[in-house]
Amino acid sequence: MQLYNTLSAEERAELIDQAGKQRLTLSFYAYAKIEDPKKFRDDLFIAWNALDALGRIYVAHEGINAQMNVPAENIEAFRETLEVYDFMKGIRLNVAVEHDDHAFLKLTIKVRHKIVADGLNDATFDVTNKGIHLKAKEFNEILDDPNTIVVDFRNHYESEVGHFKGAITPDVETFRESLPIINEQLQDHKEDKNLVMYCTGGIRCEKASAYFKHQGFKNVFQLEGGIINYAKQIEEEGLESKFIGKNFVFDNRLGERITDDIVSQCHQCGKPCDNHTNCENDGCHLLFIQCDECKAAMENCCSTECLEITHLPLVDQVRLRTGKQVGNKVFRKGKSESLKFKHSGDSRARLEQAKQLTDTVLATVSTRGGAERSGAKSTDIRQKIKIKKTLLGKAEHYYVKAQVGLFIIENQELNSGDKILISGPTTGNQEMVLDKMMVNGTENTMAKIGDKVTFAVPFRVRLSDKLYKILN
Ligand SMILES: [Zn+2]
Ligand SMILES: [Zn+2]
């Protein structure tokens with residue numbers, strides 16, 4: 001009996017493309033008492049593998065949490081595999097608004113200690129004694145009540161790109177950190193306020209609501225099915241979205257757009273942007289927000305250090321990351337000093353842990369899934385266009401003591417007397433007139449494609465800074 005994947009991700013992607021079938025991205029969870037999680041896991045693998053269902057699923061004694069991708073034509077058969085279990089009878093499947101056939105490329109079912117790591121001793125309270133579930137319309141209504149406190153039970157990198165207006169967004173990296181912070185902050189409002197909570201799909205709030213009821217909160221509510229289900233309902237029922245921005249999701253897409261508002265910035269240049277990415281350096285994998293321009297200039301890296309590492313021979317890269325634990329490739333959170341525009345997740349700022357992120361819309365996207373409207377609030381882009389320039393090559397080295405940069409010419413030619421621009425995320429845009437240069441080791445007035453050029457620069461250049469000739 002086959003109980004594990006036999007195809008690689010690449011082979012699977014190829015097969016999905018060839019089949020050309022529509023697939024549905026969905027998620028669901030259920031709290032229950034599962035006696036034998038290992039057997040439960042194996043039974044599910046056999047049933048779902050036969051239906052060509054893919055995804056990342058966790059099972060534990062306390063229940064199941066699944067993010068999946070199922071061929072649309074198999075969805076009823078898939079539902080039948082769930083109905084076999086009493087605790088999943090009539091279960092709501094959260095079907096995503098946007099679909100990506102490659103959202104998952106393997107069927108991975110893991111047995112875990114818990115489906116939601118919470119740091120709690122479950123014996124002390126009843127996790128099934130949950131808060132009142134609210135549908136989108138009811139949720140909108142309770143948000144309008146001045147007696148309502150709304151709390152985002154997700155992590156800083158999730159709430160940063162999208163959240164409900166006016167929500168408290170704890171600056172935390174894990175769910176378990178939020179519980180005591182919120183409990184402390186709302187001590188005095190256990191009876192007089194509506195404690196309203198939400199998360200991505202509802203699984204975290206369901207546990208949180210039971211915890212806060214146990215802590216003595218009287219009026220505890222949660223958004224049923226989380227933001228995923230809310231997005232679906234506002235679309236179907238034509239309701240106003242009180243959620244602004246993107247819903248961060250845990251698959252290859254890293255985000256699902258709910259409204260056209262952009263509420264976050266590129267962590268490298270500050271331009272309005274809400275596209276998460278992972279640092280290209282395999283020894284880093286930091287999750288951060290990067291705009292297309294920074295992605296191109298930084299080759300998808302989070303810092304010049306990581307960029308330099310990716311340019312090393314593979315053996316050196318492997319040597320550098322030996323013994324370093326960077327954890328799950330999708331979820332390496334945290335903060336890097338080199339990300340100037342990352343405002344949340346900063347340990348110093350976390351003194352004031354339960355705060356509100358801005359509800360200010362920095363920009364809007366013109367069409368769903370389309371490119372960001374470049375002019376929205378950023379004048380930088382227009383300024384860049386005003387300077388007519390042509391790319392000549394890139395920086396290969398900087399000699400610190402001599403303050404000399406080494407550049408490789410990859411396009412056109414460079415002449416002494418040329419007005420040039422050296423540009424990069426750390427360097428910024430530095431203009432200068434080229435006075436004297438060395439071409440392949442000897443002084444010369446002209447350099448052509450393939451030449452190595454060195455000249456003095458009154459600032460530090462970084463590896464892969466771009467060298468341009470200014471034309472006007
Ligand atoms: Zn940027
Ligand atoms: Zn990095």
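The values are calculated or read from the model by the stated rules, or taken from the named source; none is laboratory data. Bear in mind the structure is a predicted one, so any value in this text is a computation, not a measurement. FYI the Cβ positions are ideal-geometry reconstructions off the backbone, even for glycines, and counts take in every protein chain you see. The area values use the complete protein model at the heavy-atom level, side chains included, leaving out ligands, DNA and RNA. Shrake-Rupley method; radii C 1.70, N 1.55, O 1.52, S 1.80 Å.
For (1) more than 16 Å from ligand 1 (Cβ to nearest atom); (2) part of a strand (DSSP E or B), each residue gets a yes or a no:
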| site | (1), (2) |
| --- | --- |
| L239 | yes, no |
| G245 | yes, yes |
| F250 | yes, no |
| R253 | yes, no |
| H267 | no, no |
| G270 | no, no |
Given the conditions (1) open to solvent by 30 Å² or more (accessible area, probe 1.4 Å); (2) more than 14 Å from ligand 2 (Cβ to nearest atom), which single one is not true for E280? (2)
Using the structure shown, decide if V95 is surrounded by 14 or more Cβ atoms within 10 Å (Cβ to Cβ) and assigned by TED's automatic domain parsing to the domain that holds A32. yes
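Only one of F248, F288 is buried (at least 19 other Cβ atoms within 10 Å of the Cβ), more than 16 Å from ligand 2 (Cβ to nearest atom) and among the aromatic types (F, W, Y). Can you tell me which?
Matching residue, one of F248, F288: F248.
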Looking at (1) assigned to a strand (DSSP E or B); (2) open to solvent by 50 Å² or more (accessible area, probe 1.4 Å); (3) not small (G, A, S), which one does T426 not meet, given that it meets all the others? (1)
Looking at the stretch 64-96, which of the residues that are among the aromatic types (F, W, Y) and assigned to a helix (DSSP H, G or I) is nearest to G255 (Cα to Cα)? F78
Residue by residue through the stretch 157-173, note down the ones that are open to solvent by less than 10 Å² (accessible area, probe 1.4 Å) and in a loop (DSSP other than H, G, I, E, B). V161, A167, D171, V172
I'd like to check something: does the stretch 437-460 contain any residue that is assigned to a loop (DSSP other than H, G, I, E, B), without any contact (Cβ under 8 Å) to a residue 12 or more places away in the chain and open to solvent by 30 Å² or more (accessible area, probe 1.4 Å)? yes
